[in-house]
Amino acid sequence: SQKIEQNSEALNIQEGKTATLTCNYTNYSPAYLQWYRQDPGRGPVFLLLIRENEKEKRKERLKVTFDTTLKQSLFHITASQPADSATYLCALDNNNAGNMLTFGGGTRLMVKP
Amino acid sequence: GAVVSQHPSRVICKSGTSVKIECRSLDFQATTMFWYRQFPKQSLMLMATSNEGSKATYEQGVEKDKFLINHASLTLSTLTVTSAHPEDSSFYICSASKGGRGLSREQYFGPGTRLTVT
């Protein structure tokens, strides 16, 4: 069966450290993988998109890797700040005409000052 | 750019009544709009996909007669929860996509609507 797995346990790190979140998938062949941030009671906010032929993508303090052999994406936040505390969702896009996304369960990140 | 609004942000209704939620793309035309439902501490579950001027495509297990979707224009989609029951209480979120195949793939989400059915 198809699965998108993110660590359901909260990730607690100290301010200034690098946070690394994992997204593993099974029985998908995504053309794109996306990461979103969601704050409590709010809609998700798009962060980064990485294509199947890209290994790494960066945006300011964010870095995403995509390994289609391992079927895994890693999401890094460097020099983390308390304001980075949120739930981070990965989403797969199978390059369907309708732009449909399937979301993982999300990982809650807590950055402590 | 790429702002999506939803109205209302919160609604409380009595069991058996209907509730309409609006989703608008404010500064772009949305080729496709999506409706999701999210229960506490769970991820987003896609309910349906709608394209302007055509019938919505519902995900398996979502009753199309209960969750009516109208996508009247490239900037407005509505979700009506008909004959609401307490188990329909949830956080409903819409999103909009700018482009089709090969174009912009990210989705822009509204702030969500908290529905409570008493």
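The values are calculated or read from the model by the stated rules, or taken from the named source; none is laboratory data. Please read all numbers here as calculations on a predicted model, not as lab measurements. Backbone-built Cβ (ideal geometry, glycine too); neighbour counts: all protein chains shown. All accessible areas refer to the heavy atoms of the entire protein, side chains included, with ligands and DNA or RNA removed. Shrake-Rupley method; radii C 1.70, N 1.55, O 1.52, S 1.80 Å.
Things to note:
- By the compact-protein rule of thumb, 2.2 N^0.38 Å, the alpha-carbon radius of gyration of region A:63-113 corresponds to a ratio of 1.38.
- Total lysine pairs whose alpha carbons fall under 20 Å of each other in chain A (8 or more apart, or interchain): 9
- Overall, the anisotropy analysis places region B:20-73 in the oblate class: the square-rooted eigenvalues a ≥ b ≥ c of its C-alpha gyration tensor yield a/c not less than 1.5, with a/b not exceeding b/c.
- Qualifying trypsin sites (Lys or Arg not before Pro) in region B:1-64, DSSP loop, other Cβ atoms within 10 Å at most 16: B:K14, B:K41, B:K55, B:K64
- Start at zero, step by 10 Å, and the Cα-Cα distances of the protein assembly as shown spread as 8, 32, 35, 20, 5, 0 percent across the bins.
- Computed over Cα pairs, the Kirkwood radius of chain A leads via Stokes-Einstein (1.002 mPa s, 20 °C) to a diffusion coefficient of 152 µm² per second.
- Charge dipole (chain B, unit charges on Cβ, about Cα centre) - positive-most of B:P40, B:C23, B:A56: B:P40
- Lysines with Cα under 25 Å of B:K55, excluding same-chain neighbours fewer than 8 positions away: B:K20, B:K64, B:K66, B:K98
- Shown for the protein assembly as shown: the carbon plus sulfur share of the solvent-accessible area, taken with all protein chains present and a 1.4 angstrom probe, equals 48%.
- Counting only cysteine Cβ atoms and a cutoff under 4.7 Å, the protein assembly as shown contains unmatched residues B:C13.
- Spread over its residues, the convex hull of the C-alpha atoms of chain B is 100 Å³ per residue.
- Applying the Karplus relation 6.51 cos²θ - 1.76 cosθ + 1.60 with θ = phi - 60° to region A:38-55 yields 3J(HN,Hα) values of 10, 8, x, x, 10, x, x, 10, 5, 10, 8, 10, 10, 8, 5, 9, 10, 8 Hz, where x marks Gly and Pro.
- Pairwise FRET efficiency - A:K55 versus A:L11, Cβ, R0 = 25 Å, nearest 0.05: 0.60
- Under a model in which nothing but the beta-carbon of Lys, Arg (+1) and Asp, Glu (-1) is charged, region A:13-60 shows a dipole of about 60 debye around its Cα centre.
- Annotation: per residue accessible area for chain B equals 49 Å², rounded to a whole number [probe 1.4 Å, protein chains only].
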